[in-house]
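The values are calculated or read from the model by the stated rules, or taken from the named source; none is laboratory data. All figures in this text were calculated on a predicted structure; none of them were measured in a lab. Here the Cβ is made from the backbone with ideal geometry for all residues, glycine too, and neighbour counts use every protein chain on show. All accessible areas refer to the heavy atoms of the entire protein, side chains included, with ligands and DNA or RNA removed. Shrake-Rupley method; radii C 1.70, N 1.55, O 1.52, S 1.80 Å.
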Amino acid sequence: MKIAISCDDLLVRDHYTEIVESLGLVYEDAEIYTLVHKEKAMLGTVELRKIHSTYLSHKIKDREHLARNSFLVPNAAVNLFIPCTVDVIINISNGMSQGIRKCENTKLITYFYDHYYLNRKKKVLREKLFNSYVAKWSKKALCMSDEIWVPNENVKEFVESFYSGVVKVIAPPFNIADYPLTPMEGKEFNYYAINAKGMSEKCAVELISFMGQYDMKYIFFGEDSHLAGLKYTDDDPRFLGVKCSGELAPMLGNARCLIDLSEGAFPEDALKALSSGRPAILKKSENYQSYLGDFGILWTDGGFENVIDAVKDMNNLFHTFDRRKLYNIATNFHDIKFKSAVRREIDHLTHVEHTHEAADCCH
């Protein structure tokens, strides 16, 4: 049985492309078909295998650029062909790659991770003009899938609103081994770890002012160029910047709590803290709540006043959360579970015939 992997893009290493990498570890001989590939953009095993891409690879700089030119995707997708020697295609979709051309008898499984390219809040005029056309094409292409896998119940509900085929929830993978639950000895939990991503300058200013009044310590981590005006110097120790897991894990494991106001398809940074046995203050969203539940988490509306109130509450609560229970939340997304689920589903599918036209499953 020959497996191929397809995806929207290989432009940057993030959780989306880590899923592509995880599938590559399950099917080591699988070739990758993607709309856009920026060579040497990512470290890891993905770059070690054969990658096929479209002419967009020569035009597109990053995801923002691809989103602004999404009207080019339908034509590019149909001009990239996955050969008939492939038995099963596993497609990890951010909304576009399910349209890559294939043979009629080749089974297509789409893992619908997110609708990133159509759900962007800030669209340029060109995106707005072509949004309806691209959305219609995306859904029609998605309906050609033999099965659709989704990361949570919220996405399942969305897909089932227009697709009548088989939809299954398979929890995304998280590399829990990088964020171990270490012993308590020597830990003081005397600072807050603040994710710079999703943190507005205004909220950061108010948070810094509040913590200064009460002599609370804090460390910002992650991409923080938008907060450059708050730094005392270029190497301000309060701003850790983008770090690998080897540096980030001990910082999170020794924090009193994580403050994360980011919004995304998957609460990866929150899971890094929970896996390390630390509670979190997060911006409330149905997506994140569907993954994480409520234990060890204080949900906020993202406004600085609400966040400060949550910090006050967390000061009285942080020591009451069982570290093992926090860690167990992250184990629900263990990458081994994901790989096993994928292999099990593919083995089952290849022994069950299911052919249909798009009209059978799309309404």
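Structure values in brief
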item	result
Kirkwood-type radius of the stretch 174-259, with distances r between different C-alpha atoms, in Å	13.7 Å
Range of Cα positions in the stretch 63-202 per principal axis (Å), largest first	61, 39, 28
Tail fraction, Cα-Cα pairs, the stretch 294-339, threshold 12 Å, whole percent	68 percent
Solvent-accessible area per residue for the chain (1.4 angstrom probe, square angstrom)	47 Å²
Given LYS122/LYS231; LYS38/LYS187; LYS40/LYS337; LYS202/LYS272; LYS123/LYS312, the pairs whose alpha carbons are separated by over 31 Å	LYS38/LYS187; LYS123/LYS312
Within the stretch 145-181: backbone nitrogen closer than 16 Å to the THR45 label point (7 Å, Cα to C-beta)	173-178
Reciprocal of mean inverse Cα separation for the stretch 1-135 (Kirkwood radius, Å)	14.9 Å
Value at 222 nm in deg cm²/dmol, rounded to 500, when DSSP H runs of n ≥ 4 in the chain each add -39,500 (n - 2.57)	-10500 deg cm²/dmol
Nearest-10 value in Å² for the accessible area of ARG68, using the 1.4 Å probe	80 Å²
Spin-label model distance (nm) - ARG101 vs PHE71, 7 Å beyond Cα toward Cβ	2.2 nm
Hypothetical label at LYS339: residues of the stretch 102-121 whose amide nitrogen lies under 18 Å (7 Å Cα-Cβ projection)	none
Sequence of TYR133, TYR27, TYR214 when ordered by accessible area, the most exposed leading, probe 1.4 angstrom	TYR214, TYR133, TYR27
Percentage, to the nearest whole number, of Cα pairs in the stretch 88-130 over 12 Å apart	64 percent
All-pairs alpha carbon distance profile, the stretch 91-172, 5 Å steps from 0, percent	3, 15, 26, 25, 16, 10, 4, 1
Along each principal axis, Cα extent of the stretch 42-114, largest first, Å	34, 30, 23
Accessible surface of the stretch 225-319 [probe 1.4 Å, protein heavy atoms]: carbon and sulfur percent	48 percent
FRET efficiency, 1/(1 + (r/R0)^6) with R0 25 Å, evaluated for SER285 and VAL166 via beta carbons	0.40
In Å, descending, principal axis extents of the Cα set of the chain	65, 43, 39
Nonlocal amide H pairs with LEU108, under 5 Å, H built at 1.01 Å	ILE89, ASP146, GLU147
